[in-house]
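This is the structure I want to talk about, given as structure tokens.
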């Protein structure tokens with residue numbers, strides 16, 4: 001099991017979590033705590049749009065976003081503010097199961 005910190009193509013910090021035999025991995029952008037990629041047996045499971053814009057204040061099209069504290073329109077930005085903020089890495093675990101905690 002491994003956790004690798006890297007810079008995504010846009011300059012945003014990101015994490016790659018990989019299982020022990022390398023057959024599955026997930027990539028998480030710290031901007032929005034957004035899951036960009038989930039690969040198993042060399043097959044990409046998630047959709048990430050070619051039109052996705054990676055810029056501060058912009059939501060990412062595709063992947064798995066954090067929608068909080070509201071869904072849809074309301075007094076806050078569409079789907080809340082958590083998806084357009086940079087999260088920080090908290091606890092990590094690479095023992096039996098690889099995991100990370102992200103904090104806003």
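Against the condition surrounded by 15 or more Cβ atoms within 10 Å (Cβ to Cβ) and either within 27 Å of residue 25 (Cβ to Cβ) or touching a helix residue (DSSP H, G or I) at 6+ places or on another chain (Cβ under 6 Å) (or both), how does residue 51 come out, does it pass?
no
Further, regarding this structure: Here is a list of conditions, (1) over 24 Å from residue 2 (Cα atoms); (2) in contact with a strand residue (DSSP E or B) (Cβ under 9 Å, 6 or more places away or on another chain), and residue 81 meets all of them except one; can you say which number that is?
(2)
Something else: Out of everything in segment 9-48 that is surrounded by fewer than 16 Cβ atoms within 10 Å (Cβ to Cβ) and under 21 Å from residue 79 (Cβ atoms), what residue ends up being modelled with the lowest pLDDT?
10
Is it fair to say residue 3 is in a loop (DSSP other than H, G, I, E, B), modelled with pLDDT of 90 or more and under 15 Å from the mean Cα position of the chain (by Cα)?
The answer is no for residue 3.
Still on this structure, I have one more. Out of everything in segment 62-95 that is assigned to a loop (DSSP other than H, G, I, E, B), in contact (Cβ under 8 Å) with a residue 24 or more places away in the chain and over 13 Å from residue 29 (Cα atoms), what residue ends up being farthest from the chain's Cα centre (by Cα)?
For segment 62-95, the residue satisfying everything is 95.
Still on this model: Please indicate, with yes or no, whether at least one residue in segment 50-61 is in contact with a strand residue (DSSP E or B) (Cβ under 6 Å, 6 or more places away or on another chain), in a strand (DSSP E or B) and under 19 Å from residue 15 (Cα atoms).
no
Quick one: residue 15 ticks every box in (1) without any contact (Cβ under 8 Å) to a residue 40 or more places away in the chain; (2) in contact with a strand residue (DSSP E or B) (Cβ under 6 Å, 6 or more places away or on another chain); (3) within 18 Å of residue 98 (Cβ to Cβ) except a single one, so which number is it?
(1) is the only condition that residue 15 fails.
The values are calculated or read from the model by the stated rules, or taken from the named source; none is laboratory data. As the structure is a prediction and not an experimental result, all values here were calculated from the model. Glycine gets a Cβ as well: all are built from the backbone with ideal geometry, and neighbour counts include every protein chain shown.
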